[in-house]
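The values are calculated or read from the model by the stated rules, or taken from the named source; none is laboratory data. Model, not experiment: these values are computed from the prediction. Virtual Cβ from ideal backbone geometry, glycine too; neighbours counted across all protein chains shown. What goes into the accessible areas is simple: the full protein's heavy atoms, side chains included, and nothing from ligands, DNA or RNA. Shrake-Rupley method; radii C 1.70, N 1.55, O 1.52, S 1.80 Å.
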Amino acid sequence: NTGGTLIFTSMNTKALMDTSDTVASNNIRMTLIIIFLFIIIVLSGLGLLYYYQNKQNDISASLAMEKEKYKILAEDADWSVWEYTHETQVLSNATNAEFEPVVIHQYRSKLIKDNIVFPQDFPALTRIMDEIIAGEMHFIGQYRRLTPSGEYQWTELKGTTILDNNGAPIKAFFRTTNIHQHRLEMDKLKTTAEHDALTGLLKQNIAKDRIS
């Protein structure tokens, strides 16, 4: 009887140990599953947050673009409105449906090669185009452009660049305005101010400045 009792007790102890091992193993497995699910939930949450943040950034950038476009359109002048996309380097005319979108370097080359811009104003055109391509926040310049009548007239190019949240340029919006009459009037006023009203000669102080 004593031997039988020992055997029975030993079997019960072994069974309890096996049960404890099974329970411990199940607990570890369950803990790992919970940790795994928690990691998935956290990563999913971060992914959704990143998605909605980017979506919000895109919406903000689009609103900024539209605001700038209509701000330019609202200004009263003899104008054309242009858009330049930095990623594609494509230039398009928002107010002329007949203008085919073109790479900005090709357009600049055409203006110069075909003498559409007055030759002496090539440096001014090149400077302002470089500022647009480089993503300058604000840019402005004046040059003489050939008109359908065959006359070169003064044009002002003025615009701004939209940046993303990282400060990289997305799009540039600008307006080209015919300022020829205004420029002629300003040049006339300047000439009048620089010359003596009685003799018509260049004023002495102006002449000295130009000589020096």
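Of everything in the stretch 101-137, what is small (Gly, Ala, Ser) and open to solvent by 50 Å² or more (accessible area, probe 1.4 Å)? Give them in sequence order.
Kept after step one, since they are small (Gly, Ala, Ser), are these residues of the stretch 101-137: 109, 124, 134-135.
SER109, ALA134 - these are the residues of the stretch 101-137 that are small (Gly, Ala, Ser) and open to solvent by 50 Å² or more (accessible area, probe 1.4 Å).
Kindly indicate whether GLY200 is at pLDDT 90 or above and either farther than 30 Å from ILE116 by Cβ or assigned to a helix (DSSP H, G or I) (or both).
Values: at pLDDT 90 or above: no; either farther than 30 Å from ILE116 by Cβ or assigned to a helix (DSSP H, G or I) (or both): yes.
So GLY200 does not fit the description; no.
Looking at ASN165 and the list (1) at positive phi; (2) open to solvent by 70 Å² or more (accessible area, probe 1.4 Å), which single condition is not satisfied?
Every condition holds for ASN165 apart from (1).
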